[in-house]
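Visitor: Below is one structure. I have some questions about it.
The values are calculated or read from the model by the stated rules, or taken from the named source; none is laboratory data. Keep in mind it's a predicted model, so treat the numbers as computed, not measured. When we count neighbours, we look across all protein chains shown, and the Cβ atoms used for this are built from the backbone with ideal geometry, even at glycine.
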Amino acid sequence: MAAATLSLSSKNYSSWSMRGWLMAKLAGIDFREVIVEPDDADARAEILLLSPSILVPCLTYDGVRVWDTLAIGEFLHEIAPKKELLPKDRAARAHARAICGEMHSGFTSLRQALPMNIKGHFPGFKIWSKAQADIERIKTIWAECLSTYGGPFLFGKVTLADAMYAPVVSRFRTYDVKLEGALAAYADRIWALPAVTEWREAALAEKEEIEELEVEF
C-alpha cells in the first residue's frame with residue numbers, strides 16, 4: 001500500500017499538480033493519486049488562476065498534510081535527502097530556492113496569457129508584451145543556471161527547480177514560443193524525462209475539457 005497520497009486535478013490543465021507530482025516522483029516515494037475533478041469549484045478556481053487551492057496539489061505522508069507546492073518540495077527534500085532534490089552546495093541551494101520562489105510567486109502575465117494546456121497547440125499565437133517580458137526573464141534564468149552549473153539541467157542533475165519550470169516547457173510548446181541553442185536543448189531534455197513523458201501521456205488521455213482554456217485569445 002502506498003505510504004502517501006497526492007491530490008491532483010487535471011493533468012492537462014493544472015501546472016501546479018504537475019509540479020507537485022514531478023517532485024514526488026523525483027523523491028522516489030510510493031504514493032497514490034487522488035484525483036479532484038476539474039469541475040470541483042476549488043480545483044477549477046485553481047486551474048483558472050482565480051484563487052489558490054489547498055486541495056491540489058496536496059501531499060499526505062505519514063499523517064502530515066502539505067498543500068503548498070514549495071512546501072511539498074521542501075518536505076520531500078527533508079524526507080528523502082539522498083535524492084538531492086536541492087543542490088548540495090549552499091550557494092547553489094540558495095540559488096535554486098530563489099528561482100523556485102520566483103516561479104511560485106511571479107510570472108503572473110505568463111500564466112494568464114499562456115494557460116497550461118498540454119493537448120493544445122496554437123502556432124503563431126500572439127503574445128502580449130507583459131507575457132513576453134516574463135518569457136525573457138525565464139530564458140535569462142535558464143541561461144544563467146545552465147552556464148553556471150554546466151547542465152544538462154538547471155543545477156547539473158534534476159532538482160526541484162526543474163520540476164518547478166517543467167510546466168513552462170509545456171506552455172512554450174503549446175504556444176509556439178521559440179527557443180534556440182542551449183535553451184532549446186534544455187527544454188527538449190525536460191520534455192523527454194520519463195516522469196514528464198508519463199505525465200503528458202496521461203494528460204493526452206484525459207477526456208475533460210475546460211472551455212475557457214480552449215479558446216485562442
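Visitor: Which of the residues spanning the stretch 122-162 are among the hydroxyl-bearing types (Ser, Thr, Tyr) and more than 19 Å from Cys100 (Cβ to Cβ)?
Guide: Ser129
Visitor: So which residues in the stretch 191-206 are touching a Leu at 6+ places or on another chain (Cβ under 8 Å) and aromatic (Phe, Trp, Tyr), if there are any at all?
Guide: Within the stretch 191-206, just Trp199 meets the criteria.
Visitor: In the stretch 12-24, is there at least one residue being outside any helix (DSSP H, G or I) and either under 17 Å from Thr159 (Cα atoms) or at pLDDT 95 or above (or both)?
Guide: Taking every residue of the stretch 12-24 in turn, none turns out to be outside any helix (DSSP H, G or I) and either under 17 Å from Thr159 (Cα atoms) or at pLDDT 95 or above (or both).
Visitor: Filter the stretch 166-200 down to residues that are among the hydroxyl-bearing types (Ser, Thr, Tyr), in a helix (DSSP H, G or I) and in contact (Cβ under 8 Å) with a residue 40 or more places away in the chain, then give me how many there are.
Guide: Final tally of qualifying residues: 3.
Visitor: What number goes with the only condition from (1) touching a strand residue (DSSP E or B) at 6+ places or on another chain (Cβ under 7 Å); (2) in a loop (DSSP other than H, G, I, E, B) that Asp162 does not pass?
Guide: (2)
Visitor: If the Cβ limit is 7 Å and pairs must be 6+ apart or interchain, which residue in the stretch 112-127 that is closer than 15 Å to Val168 by Cα pairs with which residue that is aliphatic (A, V, I, L, M) and surrounded by fewer than 16 Cβ atoms within 10 Å (Cβ to Cβ)?
Guide: Gln112/Leu49; Ile118/Leu204; Lys119/Leu204
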